[in-house]
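The values are calculated or read from the model by the stated rules, or taken from the named source; none is laboratory data. Keep in mind that what you see is a predicted model, and the values were worked out from it rather than measured. All Cβ positions, even for glycine, are placed from backbone atoms using ideal geometry, and neighbour counts span all protein chains on display.
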Amino acid sequence: MTGIVDYGAGNLRSVQKAFEYLGERAEISSSPEVLDGCDRLILPGVGAFGQGMAALKAGGLAEYVLRRRAETPVLGICLGMQFLMRRSFEDGEHAGLGLCGGDVVRFASGKVPAIGWNGVFQLRTPLFAGIPEGSEFYFVHSYYAPVGEYTIGRAEYGVDYSAAVWDGRNVYGVQFHPEKSGETGLKLLANFLKL
């Protein structure tokens with residue numbers, strides 16, 4: 001079973017429906033006791049970084065994800081991916097979970113937020129198994145993580161940025177919304193289930 005971490009914000013039901021389509025039971029919960037019964041965790045997210053991290057911490061879920069990630073695959077989606085980074089500069093400076101070490105910054109040019117389909121390149125790790133270079137995924141975001149050693153997929157919007165990240169162990173993050181990215185997004189989620 002897959003646990004979808006509920007901290008009061010995020011694209012919870014659409015993520016759940018995508019996993020159900022793949023035949024996977026997915027439980028939305030803010031309870032560590034319920035999430036303990038899950039084989040993998042999804043950290044979804046839409047909204048502002050500071051508010052989201054505050055809610056995650058207030059519910060004890062930030063500490064919970066940090067504890068579980070040693071033995072449990074974790075996938076951060078959109079804002080959930082940004083939570084994995086060291087800090088964000090959205091409306092001030094806010095600490096993230098620090099699992100991938102980089103910062104989150106605002107796009108300096110172009111229409112913001114960046115909304116729509118964008119190609120993802122330099123795909124690495126089994127998360128992208130069977131997904132061709134340049135495959136398009138659906139993005140909605142105003143902030144991004146620059147390319148770094150944690151980057152396993154790149155996209156471009158005036159600047160190259162991390163479309164996907166990995167901590168080198170069990171934690172993955174994608175800036176795009178796989179649950180809104182058609183068959184390619186479903187393929188990525190199916191790959192996550194196999195990790």
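Residues of the stretch 142-182 that are within 15 Å of residue 105 (Cβ to Cβ), touching a Leu at 6+ places or on another chain (Cβ under 8 Å) and surrounded by fewer than 24 Cβ atoms within 10 Å (Cβ to Cβ): none at all.
Within the stretch 183-195, residues that are touching a residue at least 24 places away in the same chain (Cβ under 8 Å) have Cβ atoms under 7 Å from residues that are small (Gly, Ala, Ser) and in a helix (DSSP H, G or I) in these pairs: 186/18; 189/18, counting only partners at least 6 apart in sequence or on another chain. In the condition set (1) under 16 Å from the mean Cα position of the chain (by Cα); (2) more than 25 Å from residue 51 (Cα to Cα), residue 122 is compliant with all but (1). Being free of Cβ contacts under 8 Å to residues at least 24 places away in the same chain, farther than 22 Å from residue 63 by Cβ and not charged (D, E, K, R) holds for only one residue in 126, 146, 132, 113, and it is 132. Of everything in the stretch 95-114 that is under 18 Å from the mean Cα position of the chain (by Cα) and surrounded by fewer than 19 Cβ atoms within 10 Å (Cβ to Cβ), the residue that is farthest from residue 54 (Cα to Cα) is 113. Condition first: under 20 Å from residue 84 (Cα atoms), part of a strand (DSSP E or B) and touching a Lys or Arg at 6+ places or on another chain (Cβ under 9 Å). Can you find one or more residues in the stretch 178-195 that meet it? No, every residue in the stretch 178-195 fails to be under 20 Å from residue 84 (Cα atoms), part of a strand (DSSP E or B) and touching a Lys or Arg at 6+ places or on another chain (Cβ under 9 Å). For the residues 138, 143, 161, 157, the requirement of being farther than 23 Å from residue 65 by Cα, touching a helix residue (DSSP H, G or I) at 6+ places or on another chain (Cβ under 8 Å) and modelled with pLDDT of 95 or more singles out 138.
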